[in-house]
Amino acid sequence: MMVENFSKTIVKSKILDTYVAAVFFATIIFFVLNSGFYSPFEMIAWIVVVTIGFKGIANLMLSMTISLVNLDNTQNQIDFEKSSSKLETLVSDLAIQEATVQSTKNKK
């Protein structure tokens, strides 16, 4: 579940789409500057091929990021926070009970 949330967060951040768009525009600029060497069909074909290739590389980067990030530490941290909040609740309940006992002793 944590991996799913992590991957959804990365996809929602649109960083991979920005990467692909930057490559697309860089490829267009390259072919415009070198338009004397390439025919229009070659330009369009290579722009499409390069954009699809870099989209694949972006997806590969996403999958590698997800597989290489260690989420066990995060799960342990969440478990620790839950346990510590339970312990704090128990300690505060114990302090209330001790205060109640002390007040009853003082009244007698």
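Quick note: the coordinates plus some simple rules give every number you see, no bench work behind them. The model shown is predicted, which means the values in this text are computed figures rather than measured ones. With ideal geometry, Cβ positions are generated from the backbone for all residues, glycine too; neighbour counts draw on all protein chains shown.
Mind checking the dipole of region 62-107: about its Cα centre, +1 per Lys or Arg Cβ, -1 per Asp or Glu Cβ, Debye to the nearest 20?
Values: 4 positive and 6 negative charges, 57 e Å.
Here region 62-107 has a charge dipole of around 280 debye.
From the helices alone, meaning DSSP H stretches of at least four residues, give me the mean residue ellipticity at 222 nm for the chain, per-run term -39500 (n - 2.57), in deg cm²/dmol to the nearest 500.
Using -39500 (n - 2.57) per qualifying helix, the result is -31000 deg cm²/dmol.
Taking the Cα atoms only, what angle lies between the long axis of helix 2-12 and the longest principal axis of the chain, rounded to 10 degrees?
Taking Cα atoms only, the helix is inclined about 50 degrees.
Once the other residues with Cβ under 12 Å from the Cβ of V20 are scored (Lys, Arg +1; Asp, Glu -1), what is the net sum?
Its environment carries a net charge of +1.
If I take the Cα coordinates of region 14-94 and project them onto the principal axes, what are the three extents in Å, biggest first?
Here the spans come out as 83, 19, 12 Å, largest first.
Please give every one of the lysines within straight-line cross-link reach of K12, meaning a C-alpha to C-alpha distance under 30 Å, and leave out same-chain neighbours fewer than 8 residues apart.
Cross-link targets: K55, K82.
Please list, or write none, the aspartates and glutamates whose alpha carbon is within less than 19 Å of the alpha carbon of K14, excluding same-chain residues fewer than 8 places away.
Candidates past the 8-residue exclusion: E4.
Which net charge results for the neighbourhood of V48, defined as the other residues with beta-carbon distances under 13 angstrom from its beta-carbon, given Lys and Arg at +1 and Asp and Glu at -1?
0
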